[in-house]
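Below: the structure, in structure tokens.
The values are calculated or read from the model by the stated rules, or taken from the named source; none is laboratory data. The model shown is predicted, which means the values in this text are computed figures rather than measured ones. As a convention, Cβ positions derive from the backbone with ideal geometry for all residues, glycine included, and neighbour counts pool all protein chains shown.
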Amino acid sequence: MTAQTSTPSASFPVRRMDFSFSESQKFWFAGDPFMSHFMNNLSSLFPYGEKFFVDSVRAVRDKVTEPQLKKDISAFIGQEAMHSKEHAAYNDYAAEHGIDLERLELRIKVLLEWVTRITTKKQRLAATCALEHFTATMAEQLLQREDLTTQMNDPKLYQLWMWHAIEENEHKAVCYDVYQKVYGGYFTRTIMMAITTLIFFGVIGWFQVHLLRKDGQLFNWRSWGKGLKTLFGPRNGFLTKLLLPYLDYYRPGFHPNDHDSKALEQRWRQRLGFSN
């Protein structure tokens, strides 16, 4: 009798979402310009940023032979494609309030086209691993921090960000595992993280000032003070809390799943009413 071999299923699902962001209030994060624009700023990175992630993995997927990882690559591509779609739909909210996120997205497109021209496949995959670590650790913060998420006053934008946060943690190890299987190498992985960090925070700072200036909020010192405390407060700052997970990436032997978020993901899947 011949043994039956079963084809593994992906470790996480691709959820089909279809958000509509019309009639969302302009300052939807605690009624505050700085933090609302900070989240808008992050959203502008995703449509072309996640295409870059997908392209980086697709470029080497034919070198992956492990059945489980191949399935997870397909699910990763599906999730990222859905994220790009919904963050593009986010622009409907922005356009309704005169916030030009499409211009910022095009700047990201130009930047990533330039990066693609001057880097190798290995370097692009390592950069993707770095950016996936950023998104996963930021997403984990959102899932953990109800002091922040309860300030999201718009239910549709709240659901978008929490759905996205769950999925970033679900697939956080895929690019890293592909990198280790296809290339490996500590130096490239960490040097690309250092370079990516400088570019990432440079872009975030540039876009934040741009959005506040265009909205006539650049000299709203009260909003700046509140926002900078939310991001950089010494104890509970959103970005301050990312420092230790960030530094851990430079540890030899690091793996994204060293930061176990399975229970957190499951709790939020239940809260958002996802069946899987």
Checklist entry - Regarding GLU80, is this residue crowded, with 18+ Cβ neighbours inside 10 Å and either not aliphatic (A, V, I, L, M) or not in a helix (DSSP H, G or I) (or both)? => result yes
Checklist outcome for this item: Flagged pairs (Cβ under 7 angstrom, 6 or more apart or on separate chains; first in the range 236-249, without any contact (Cβ under 8 Å) to a residue 60 or more places away in the chain; second among the aromatic types (Phe, Trp, Tyr) and exposed (fewer than 13 other Cβ atoms within 10 Å of the Cβ)) are LEU239/PHE232; THR240/PHE232
Item to check | Leading residue by the ranking (surrounded by the fewest Cβ atoms within 10 Å (Cβ to Cβ)) among those in the range 230-276 that are in contact with a Phe, Trp or Tyr (Cβ under 7 Å, 6 or more places away or on another chain) and among the aliphatic types (A, V, I, L, M) | outcome: LEU272
Checklist entry - Which ones in the range 57-69 are within 11 Å of VAL174 (Cβ to Cβ) and either of a type outside the set (S, T, N, Q) or in contact with a helix residue (DSSP H, G or I) (Cβ under 6 Å, 6 or more places away or on another chain) (or both)? => result VAL57, ARG61, VAL64, LEU69
Next on the checklist: If a residue must be charged (D, E, K, R) and more than 25 Å from GLY31 (Cα to Cα), how many such residues does the range 197-255 contain?
Outcome noted: 2
Checklist entry - How about the range 51-101: which of its residues are of a type in the set (A, V, I, L, M) and over 19 Å from THR135 (Cβ atoms)? => result ALA59, VAL60, VAL64, LEU69, ALA94, ALA95, ILE99
Item to check | ALA10 in contact with a Lys or Arg (Cβ under 6 Å, 6 or more places away or on another chain) and either more than 25 Å from ASN276 (Cα to Cα) or at pLDDT 95 or above (or both) | outcome: no
Checklist entry - Within the range 89-108, can one find any residue that is exposed (fewer than 14 other Cβ atoms within 10 Å of the Cβ), closer than 27 Å to VAL182 by Cα and modelled with pLDDT of 90 or more? => result no
Checklist entry - Can you list the helices (runs of 4 or more DSSP H) found entirely within the range 118-225 that contain at least 3 residues being in contact with a helix residue (DSSP H, G or I) (Cβ under 8 Å, 6 or more places away or on another chain), farther than 17 Å from ASN41 by Cα and touching a residue at least 40 places away in the same chain (Cβ under 8 Å)? => result 121-144, 155-170, 174-182, 186-214
Checklist outcome for this item: Taking the range 201-251 and keeping residues within 30 Å of PHE187 (Cβ to Cβ) and of a type in the set (Ser, Thr, Tyr) leaves THR240, TYR246, TYR249, TYR250
Item to check | Boolean, SER44 is assigned to a loop (DSSP other than H, G, I, E, B), over 19 Å from CYS129 (Cα atoms) and polar (S, T, N, Q) | outcome: no
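For (1) within 19 Å of ASP72 (Cβ to Cβ); (2) buried (at least 23 other Cβ atoms within 10 Å of the Cβ); (3) under 11 Å from the mean Cα position of the chain (by Cα), each residue gets a yes or a no:
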residue	(1), (2), (3)
GLU113	no, no, no
ILE118	no, no, no
CYS129	yes, yes, no
ASP147	no, no, no
THR150	no, no, no
ASP154	no, no, no
LEU157	no, no, no
ILE166	yes, yes, yes
GLY184	yes, no, no
Next on the checklist: When the residues of the range 18-32 are narrowed to those that are at negative phi and loosely packed, with under 15 Cβ neighbours inside 10 Å, which ends up nearest to the chain's Cα centre (by Cα)?
Outcome noted: ASP18
Item to check | Meets criteria (over 23 Å from SER20 (Cα atoms) and of a type in the set (Lys, Arg)) for LYS85 | outcome: no
